[in-house]
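The values are calculated or read from the model by the stated rules, or taken from the named source; none is laboratory data. On a predicted model such as this, the values are computed, not experimentally measured, just so you know. Cβ placement follows ideal geometry from the backbone for every residue including glycine, while neighbour counts extend to all protein chains displayed. SASA here: full protein model, heavy atoms, side chains in, ligands and nucleic acids out. Shrake-Rupley method; radii C 1.70, N 1.55, O 1.52, S 1.80 Å.
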Number of protein chains: 4
Amino acid sequence: MSTQFQGVIPPVVTPRHADGSIDTASLTNVTKHLLDGGVAGLFVLGSSAEVPYMTNAERELVVSTIAEANASAGADAVPLIVGANEQTTNRVIEEAKKVIDLGADAIVVTSMYYAIGNASETETHFRAVRAAVDKPIFAYDVPVRTHFKLPTDLLVRLGRDGVIAGVKDSSGDDVSFRQLVLAAKDIPNFDIFTGHEVVVDGALLGGAQGVVPGLGNVDPRGYRNLFDAAQAGDWAKAASEQDRLADLFEIVYTPNGRVSGGAAGLGAFKTALQLMGIIESNTMSVPMPSLNETETTAIKVILERNGLL
Amino acid sequence: MSTQFQGVIPPVVTPRHADGSIDTASLTNVTKHLLDGGVAGLFVLGSSAEVPYMTNAERELVVSTIAEANASAGADAVPLIVGANEQTTNRVIEEAKKVIDLGADAIVVTSMYYAIGNASETETHFRAVRAAVDKPIFAYDVPVRTHFKLPTDLLVRLGRDGVIAGVKDSSGDDVSFRQLVLAAKDIPNFDIFTGHEVVVDGALLGGAQGVVPGLGNVDPRGYRNLFDAAQAGDWAKAASEQDRLADLFEIVYTPNGRVSGGAAGLGAFKTALQLMGIIESNTMSVPMPSLNETETTAIKVILERNGLL
Amino acid sequence: MSTQFQGVIPPVVTPRHADGSIDTASLTNVTKHLLDGGVAGLFVLGSSAEVPYMTNAERELVVSTIAEANASAGADAVPLIVGANEQTTNRVIEEAKKVIDLGADAIVVTSMYYAIGNASETETHFRAVRAAVDKPIFAYDVPVRTHFKLPTDLLVRLGRDGVIAGVKDSSGDDVSFRQLVLAAKDIPNFDIFTGHEVVVDGALLGGAQGVVPGLGNVDPRGYRNLFDAAQAGDWAKAASEQDRLADLFEIVYTPNGRVSGGAAGLGAFKTALQLMGIIESNTMSVPMPSLNETETTAIKVILERNGLL
Amino acid sequence: MSTQFQGVIPPVVTPRHADGSIDTASLTNVTKHLLDGGVAGLFVLGSSAEVPYMTNAERELVVSTIAEANASAGADAVPLIVGANEQTTNRVIEEAKKVIDLGADAIVVTSMYYAIGNASETETHFRAVRAAVDKPIFAYDVPVRTHFKLPTDLLVRLGRDGVIAGVKDSSGDDVSFRQLVLAAKDIPNFDIFTGHEVVVDGALLGGAQGVVPGLGNVDPRGYRNLFDAAQAGDWAKAASEQDRLADLFEIVYTPNGRVSGGAAGLGAFKTALQLMGIIESNTMSVPMPSLNETETTAIKVILERNGLL
């Protein structure tokens, strides 16, 4: 079954200067680093981009910066899948139109949040967004943030009806993930991505089309190797590459409770990129603290043993 | 202890025309109905206003419409406490500045949502908003939406340091509510409101300064009577008025699972106001369905037995 | 409406010797202390008794020890309401028969736990227990342990059908508590108790028949005074007594995260009773740690400022 | 690394006669069916056995019936891993001793439930059970029932210290599962099993030692084929067998909300076994309803298309 989107599509992090302003030069560097790493697309304004923490002006700056860096890669440019991250339907539609104007090739939409909805309202929500925009829509299933798990039958129905072009799954529910992959098998050009960095081999073995790994910011080539091994049917190699990446993922545990779950993971990715010389500072969005020296040292050790420094 | 804000401060609903556009004439009517009912303030852009579902333009229209209707009441005008409802710190600050320009006398701020924070980031969050705006800030504790319960010790510390002027509690946790009231007793001008319509007598007996009842849109006078009885120490009367209002609150259960929790309660308030001739339509924000004829009939019965029709 | 059970019915703690064995002499002392404090009944084998941690032999020893101490009070003896704490229906029935043989005047039954049920199975569960035993049954709503909130309409239906004689509510949901009290108002001899130590005044104002306070082990007389004030309609005095008891309840926060929620509260009650000379040791059931010297010192301060030492 | 336990170890269901009593003849049939299917062990008194619903006498009857049927297989007999399912430490120890006397080769222990513990008490809990019994202990991670997720670092520490011999993971958290497998890789004779029927290929690819599939009651041979393919490195065949079993797993969704989650899955397994002529009745434990004719017909269709009828 031919698919529109497949492979490694990392959610691009958002570098900031030490004063908190967006660091467009570093963002351009990250984009090039990812393209050089062999990624198949870029997921822009995702959770890993700290999108909930950005002002509207910052969101626009980030999309246009990545779009420009991507365009300058010429033939090596990849599709931009951009988050239209807002609380409810009409706000999502406004946001979607904005990011499409800025160059999005597809948009990513979650279920509502802060609002208290149900499955029926969620269906109306996705159909209303579909009616208002003319780019492919990916449903983003991230109940740890939205506190609503997208039901498998709803996703399949939206897929069959052409409302959504695929799913980015960060639900942490591998059972429903497998069931979605099976149920959606015969929908043309319907692409399912896992958002979980350490179980990509199993997801691909089960039939997923790709992965959106936050850790892919740090090691895009590693995920590309994993994906290529899987495509080639060399599952032992895929699992072994996955095990190495799972070890690399330990960088997110270096803060060990000192900071919030949000700040720990994203802070670790930024700190790694800073150590690798790709971005200038590991500064986080307000109100998140940046990782400190102790944590930076611990991350350095992990990068070194994985050959990234 | 003198307080800045106390009494009945209902969260004003947002009427829409059948076509979905904001109905400013009906909104003006609701505002007058509330002022006539003896309310002590108006909570604008709260959850009951369907604030998460409004576009930015709609939010501005709603605040300015209510501000105008309130101003035209002359000496009977009351303070406007306006929600600065956004995901994270810098977005809240932008929203807060906007609503203050539109006439807010105080703002209401929740902990972050969609973002995954912790107590320490939440403290930074409130302190950053405080540093950026010069109107009183009420912390809004609504874990059913934010999925983060504001810790009592944090609220007390923020109160003592003058960061927040009070708390609107919709946590559903009456134990922590009482402990907050006790712990904050000696903070000057610190006001604590319950958001729960059916336990106001107990909250006032425990020492709360007021109530922000969604149901107060329908029966502001009833809540005023309850509050006055409590102020006068006539607790038997307060409890009896509360029991009557608890019966009136049954309107929110008429959909009985047909629609989401959000649509049921707010839909019932709007349907009641429509039946009472105060607003034109019970139309809900996209993607929420409006209550139907069966539900409207059931609500009519409840309004009638409570003397509101 | 006459009621079978009302007033203060504390859940009796289970003293252990330092070696972990049940300390029957101390248990007899606690029982006398409670009867002297003016309690209206004793809740035996409740959560505060550490019932989940007891072996079957220990449970029998505890019930018979309390029953004997109670009986020796002669005319001052009170009803024993005993927990039949087991995972599912048939196990509850076996347990209920055992405790009735040992002297229970009524039994307390939760919804199932570990098992994954629903409202319909829960209804079958209570009806099956009712069919098997001939003592009054109290439904115990404790979702923090069972992870199932007993629905108000189910409780009312079970009450009307004579399946249950009342409810002990430890749900922490004051809204549904008030709605239950209102909905059950006309059921004869149906008694509703709150299990929350610091909101008893509000619960009684709302129409509850009594309270089952863990803290009542430490200060039964204080709760009796609160109850008597409420009965007399002196709500200002009830609230003031409640505020004092809320301050006393601070003993449960002295461990401040060092031990589990279970061990902190029960450990504090036992430590207070030890300081007051009523029990020999504050030893907890395996695997819970006992409170340490620092915590004991902090508890002493709180007892002293509340006139209990 | 040699391991003590690996392969397919299904949790044996508990057949009941239509009158609710344990059907030992059918239980013997199920046991033979599983041994014939090539299983490597039997998980007795697991959740799939409806263990929470059994009285103590029933538990003993079930263990001894399976032990006898297994023993009569002579050289084909397999190890019995038996659940010691109780609320807390001392109760687990009593239960463990009982099942070891009845023939358990290893026991399965969850964290506490109904009790409110923490990680430290859970560690004490497992160490206390270890000190009291002399058979291998498997930690059973089932937060959907215990509402406590066993932390990876705790499991690894207990493994290294010889307290536990492995883990049965029904946490639904594939990320922590992979991290556990990696972290425990160098612990000798430490075996990790997934309890999730539809993601076994991925779990084995990641390094798990085996699977405890409830669905294995219905199709033990299918799981054996999956396991053998994985052992042989034929991952395409493993995935294809997994896909077929995922389709078979659809039997658990036939009730579609009519009954509780517990009753649906176990009811489906029993109904399938009844249709296959292996057990006499699909009767469930009180208070669970049995699947009805409509559901039975739907299950028949699924069994037929998977070649099991």
Query raised in the report: Taking A:Asp105, is it more than 14 Å from chain B (Cβ to nearest Cβ) and farther than 25 Å from A:Ser64 by Cβ?
Result: no
Pairs returned, first residue in the stretch D:1-30 that is over 13 Å from D:Phe43 (Cβ atoms), second residue that is basic (Lys, Arg) and surrounded by fewer than 21 Cβ atoms within 10 Å (Cβ to Cβ), beta-carbon separation under 9 angstrom, 6 or more apart or interchain, are D:Met1/D:Lys185
Contact list, first residue from the stretch B:125-145 and under 12 Å from B:Gly195 (Cβ atoms), second anywhere and open to solvent by less than 10 Å² (accessible area, probe 1.4 Å) and charged (D, E, K, R), beta-carbon distance below 6 Å, six or more apart or interchain, is B:Asp141/B:Asp169
Any chance B:Leu158 is away from chain C (no Cβ under 14 Å) and within 29 Å of C:Gly195 (Cβ to Cβ): no
Scanning the stretch D:165-183 for residues that are of a type in the set (D, E, K, R) and surrounded by fewer than 22 Cβ atoms within 10 Å (Cβ to Cβ) gives D:Asp173
Margin query: Is it the case, given these coordinates, that C:Leu155 is in a helix (DSSP H, G or I), free of Cβ contacts under 8 Å to residues at least 40 places away in the same chain and surrounded by 23 or more Cβ atoms within 10 Å (Cβ to Cβ)?
Written below: yes
Selection over the stretch A:256-289 where residues are within 14 Å of chain B (Cβ to nearest Cβ) and buried (at least 20 other Cβ atoms within 10 Å of the Cβ) yields a count of 13
The condition of being farther than 21 Å from A:Lys168 by Cβ and not aliphatic (A, V, I, L, M) holds, among A:Glu86, A:Glu50, A:Glu95, A:Glu68, only for A:Glu68
By residue number, the members of the stretch C:290-309 that are among the hydroxyl-bearing types (Ser, Thr, Tyr), surrounded by fewer than 18 Cβ atoms within 10 Å (Cβ to Cβ) and within 17 Å of C:Gly257 (Cβ to Cβ) are C:Thr294
Taking the stretch B:13-32 and the residues there that are assigned to a helix (DSSP H, G or I) and in contact with a helix residue (DSSP H, G or I) (Cβ under 7 Å, 6 or more places away or on another chain), the one that is farthest from B:Gly210 (Cα to Cα) would be B:Thr24
Within the stretch A:185-244, residues acidic (Asp, Glu), more than 18 Å from A:Ser171 (Cβ to Cβ) and more than 9 Å from chain D (Cβ to nearest Cβ) come out as A:Asp186, A:Asp219, A:Asp228, A:Asp234, A:Glu241
Filter the stretch D:87-124 for residues that are among the charged types (D, E, K, R) and either touching a Ser or Thr at 6+ places or on another chain (Cβ under 9 Å) or in a strand (DSSP E or B) (or both); the one that is surrounded by the fewest Cβ atoms within 10 Å (Cβ to Cβ) is D:Glu94
*asked:* Just checking, does the stretch C:66-84 include any residue being part of a helix (DSSP H, G or I), under 21 Å from C:Met288 (Cβ atoms) and not aliphatic (A, V, I, L, M)?
replied: no
For the stretch A:33-51, pairs from a residue that is under 12 Å from A:Leu80 (Cβ atoms) to a residue that is at pLDDT 95 or above and among the small types (Gly, Ala, Ser), with Cβ under 6 Å and 6 or more apart or across chains, are A:Leu35/A:Ala73; A:Ala40/A:Gly7; A:Leu45/A:Gly83; A:Gly46/A:Gly83
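To keep it simple, each residue is scored yes or no on (1) touching a Lys or Arg at 6+ places or on another chain (Cβ under 9 Å); (2) modelled with pLDDT of 95 or more; (3) of a type outside the set (Phe, Trp, Tyr); (4) not in a helix (DSSP H, G or I).
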position	(1), (2), (3), (4)
A:Lys270	yes, yes, yes, no
A:Asn282	yes, yes, yes, yes
A:Leu291	yes, yes, yes, yes
A:Val301	no, yes, yes, no
Check: Would you say D:Tyr140 is of a type in the set (Phe, Trp, Tyr), open to solvent by less than 30 Å² (accessible area, probe 1.4 Å) and either part of a loop (DSSP other than H, G, I, E, B) or farther than 20 Å from D:Ser47 by Cα (or both)?
Finding: no
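Residue by residue, here is whether (1) without any contact (Cβ under 8 Å) to a residue 12 or more places away in the chain; (2) small (Gly, Ala, Ser); (3) more than 22 Å from A:Phe190 (Cβ to Cβ) holds:
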{"site": "A:Ala84", "(1), (2), (3)": "no, yes, no"}
{"site": "A:Thr88", "(1), (2), (3)": "no, no, yes"}
{"site": "A:Ala96", "(1), (2), (3)": "no, yes, no"}
{"site": "A:Ile100", "(1), (2), (3)": "no, no, no"}
{"site": "A:Ala104", "(1), (2), (3)": "no, yes, no"}
{"site": "A:Ile107", "(1), (2), (3)": "no, no, no"}
{"site": "A:Met112", "(1), (2), (3)": "no, no, yes"}
{"site": "A:Gly117", "(1), (2), (3)": "no, yes, yes"}
{"site": "A:Glu121", "(1), (2), (3)": "yes, no, yes"}
Report yes if B:Leu80 is farther than 25 Å from B:Ala263 by Cβ, crowded, with 16+ Cβ neighbours inside 10 Å and either charged (D, E, K, R) or away from chain A (no Cβ under 14 Å) (or both), otherwise no. yes
Among (1) without any contact (Cβ under 8 Å) to a residue 24 or more places away in the chain; (2) more than 19 Å from B:Ser170 (Cα to Cα); (3) within 14 Å of another protein chain (Cβ to nearest Cβ); (4) open to solvent by 20 Å² or more (accessible area, probe 1.4 Å), B:Tyr253 falls short only on (2)
- Query: Hey, any hits in the stretch D:109-120 for a residue that's more than 8 Å from every other protein chain (Cβ to nearest Cβ) and farther than 29 Å from D:Glu58 by Cα?
  - Reply: yes
Condition met for A:Leu61 (open to solvent by less than 10 Å² (accessible area, probe 1.4 Å) and part of a helix (DSSP H, G or I))
no
(1) of a type in the set (Gly, Ala, Ser); (2) within 11 Å of another protein chain (Cβ to nearest Cβ); (3) touching a residue at least 12 places away in the same chain (Cβ under 8 Å) all hold for D:Gly166 apart from (2)
